[in-house]
Amino acid sequence: MRKIFNFQNYLQSCINTEVALAKVQASLEIIPDSAAKSIANTAENYIPDLEKLQKNTTLIGYPILPLVEQLAKQAGDAGHYLHWGATTQDIMDTATVLQIRSGIELIESQVKKTITALLSLAKRYRDIPMAGRTHLQQAIPITFGYKAAVWLSSLDRHLDRLSQLRSRVLVVQFSGAAGTLASLGTKGLAVQHALAEALDLEVPTITWHSCRDGFAETVQTLALICASLAKIAVDVSVMMTTEIAEVAEPFTQHRGSSSTMPQKRNPISCELISASSKMVREHAGLMIDAMAVDFERATGPWHLEWQAIPESFALTSGSLSQANFMLTGLEVYPDKMKRNLDLSRGLICAEAVMMTLAPIIGRQTAHDLVYDACRQAVNSNNSLANILKEIPQIRKILTDKKIKDLTNPANYLGSAPEMVDKVVNNR
């Protein structure tokens, strides 16, 4: 991702756009064919004077004029036709679109790898019971495969989002000084269409250089991906705590170790993913601010994109790399999950008991009855099953075997396994 968004590649994307522009203008007989060929040859052999380019970019504020000056000088007479009818933002925006296209392709491939890792977890642990938790407390039983499938479902949706935004984002920018293509007379739209075709980009319905929703949507999508990864990271890091110990990041010598505490095995991937999510979220906010462009050319909002877009792609790519590493080698401990399920001595199945009694004595009565039984179990450090057996109103309805079955977490998984199947088979 750094290679895609580094300055050298951006510079080359600008050059590629200038060359493509010259070629399509020659094909439309706007500039001489010989000039286009000379420009292409010059660009192919061009070695930029980076020191001079940096100095002049700092002076002017943008790199295109200094770049065009260097290329035009090396192209000789053909250089007079370089950048014909274009403006700085045309070249810079189109170069950014080309970078974004490569960035999206890489992000998609990484998302698919992470999905593959989650698919494996969902299928392998489809029926392995564990405590479902709400408000950080045990709620009702779920399966670990169900949890992995829930994580997976969000990444499936993000793949759809990445696909859908292409038509709105991978669009050529060529519209001239204020967006009207006036400098090219009646051939402006023909040049725009031909340039889009040459670069394999979409053609805009109208100039978009002062409407930045496409770029903003791109970073919002990256922020959503990072936020979904952060949700996984939060779950895994909490499940790695000493008291819970249901999973662990892959073991690699000294990974996550402490300089003073030899026993430590910290959730390093989770920490990096969580931090990256916060940073991309900030960039998503910057991109919303960058949409408030004044008139037909921004006096500052545009500049926010120059940091927000490359860094968001880099951070998202890094997060996906960490997530893929973590989930591919995630260590899962079903025995610890069972131990934690048994901690409450059946309290985690209180809803199962209540819903069995509800059709007979009414839901609210059943709720109050089981609620009192739960309090007694906690206060007496006893199991819920033992307390239920001592309540006459319940003994009239439920046998000892039924109470035992109802308070067994493995018997109250609902449709969790079938939901896993739906996610796994929906591909």
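Restricting attention to the range 295-319, the residues that are outside any helix (DSSP H, G or I) and within 17 Å of A275 (Cα to Cα) total 0.
Inspect the range 326-333 for any residue being without any contact (Cβ under 8 Å) to a residue 60 or more places away in the chain and either within 30 Å of T242 (Cβ to Cβ) or part of a helix (DSSP H, G or I) (or both) and give the result as yes or no. No, the range 326-333 contains no residue that is without any contact (Cβ under 8 Å) to a residue 60 or more places away in the chain and either within 30 Å of T242 (Cβ to Cβ) or part of a helix (DSSP H, G or I) (or both).
Please indicate, with yes or no, whether at least one residue in the range 175-183 is outside any helix (DSSP H, G or I), in contact with a helix residue (DSSP H, G or I) (Cβ under 7 Å, 6 or more places away or on another chain), in contact (Cβ under 8 Å) with a residue 60 or more places away in the chain and buried (at least 22 other Cβ atoms within 10 Å of the Cβ). Checked the range 175-183: at least one residue is outside any helix (DSSP H, G or I), in contact with a helix residue (DSSP H, G or I) (Cβ under 7 Å, 6 or more places away or on another chain), in contact (Cβ under 8 Å) with a residue 60 or more places away in the chain and buried (at least 22 other Cβ atoms within 10 Å of the Cβ).
Only one entry in V247, V191, V236 is more than 30 Å from E331 (Cα to Cα) and buried (at least 22 other Cβ atoms within 10 Å of the Cβ), namely V191.
Of everything listed in (1) crowded, with 17+ Cβ neighbours inside 10 Å; (2) aliphatic (A, V, I, L, M); (3) touching a residue at least 60 places away in the same chain (Cβ under 8 Å), the single unmet condition for L304 is (3).
I'm checking my understanding of the structure. Among residues of the range 1-13 that are in contact (Cβ under 8 Å) with a residue 40 or more places away in the chain and assigned to a helix (DSSP H, G or I), which one is surrounded by the fewest Cβ atoms within 10 Å (Cβ to Cβ)? Only one residue fits best here, namely R2. Scanning the range 221-233 for residues that are buried (at least 21 other Cβ atoms within 10 Å of the Cβ) and over 8 Å from the mean Cα position of the chain (by Cα) yields a total of 3. Would you please name the residue that is farthest from L67 (Cα to Cα), looking only at residues in the range 14-39 that are among the small types (G, A, S) and surrounded by 20 or more Cβ atoms within 10 Å (Cβ to Cβ)? Step by step, filter the range 14-39, then rank; the result is A26. Checked against (1) outside any helix (DSSP H, G or I); (2) under 17 Å from T241 (Cα atoms), S274 meets all criteria but (1).
Yes or no, residue by residue, for (1) surrounded by fewer than 21 Cβ atoms within 10 Å (Cβ to Cβ); (2) over 24 Å from A314 (Cβ atoms):
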{"position": "T94", "(1), (2)": "no, no"}
{"position": "L106", "(1), (2)": "yes, no"}
{"position": "T114", "(1), (2)": "no, no"}
{"position": "A122", "(1), (2)": "no, yes"}
{"position": "L136", "(1), (2)": "yes, yes"}
{"position": "I142", "(1), (2)": "no, yes"}
{"position": "A149", "(1), (2)": "no, yes"}
{"position": "R157", "(1), (2)": "yes, no"}
{"position": "L162", "(1), (2)": "yes, no"}
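Going by what's in this entry, would V236 be described as farther than 22 Å from A314 by Cβ and in contact with a Cys (Cβ under 8 Å, 6 or more places away or on another chain)? When the stated conditions are applied, V236 passes them. Whether a residue is of a type in the set (V, I, T) and over 30 Å from P250 (Cβ atoms) was assessed, and I288 passes this test. Which of the residues that make up the range 133-145 are out of contact with any Lys or Arg (no Cβ under 8 Å at 6 or more places or on another chain) and not β-branched (V, I, T)? Within the range 133-145, R133, H135, L136, Q137, Q138, P141, F144 meet the criteria.
Being outside any helix (DSSP H, G or I), farther than 24 Å from A308 by Cβ and of a type in the set (V, I, T) is true of T252.
In the range 384-392, the condition of being assigned to a helix (DSSP H, G or I) and surrounded by fewer than 14 Cβ atoms within 10 Å (Cβ to Cβ) is met by at least one residue. Only one entry of M354, M337, M326 meets the criterion of being in contact with a Phe, Trp or Tyr (Cβ under 8 Å, 6 or more places away or on another chain) and surrounded by 14 or more Cβ atoms within 10 Å (Cβ to Cβ), and that entry is M337. The set of residues in the range 14-35 being outside any helix (DSSP H, G or I) and touching a residue at least 40 places away in the same chain (Cβ under 8 Å) consists of L28, I30, I31, P32.
Kindly establish whether L357 is out of contact with any strand residue (DSSP E or B) (no Cβ under 7 Å at 6 or more places or on another chain), within 24 Å of T114 (Cβ to Cβ), assigned to a helix (DSSP H, G or I) and in contact (Cβ under 8 Å) with a residue 24 or more places away in the chain. Answer is no for this residue.
Take S38 and decide whether it is in contact (Cβ under 8 Å) with a residue 40 or more places away in the chain, within 20 Å of T87 (Cβ to Cβ) and assigned to a helix (DSSP H, G or I). It is false that S38 is in contact (Cβ under 8 Å) with a residue 40 or more places away in the chain, within 20 Å of T87 (Cβ to Cβ) and assigned to a helix (DSSP H, G or I). Annotation note: of I232, I225, the sole residue that is touching a Lys or Arg at 6+ places or on another chain (Cβ under 9 Å) and not hydroxyl-bearing (S, T, Y) is I225.
FYI, it's all coordinate maths here, none of it is from the lab. Computed from a predicted structure; not experimentally measured. Every residue, glycine as well, gets a Cβ built from its backbone with ideal geometry; the counts of neighbours run over all protein chains shown.
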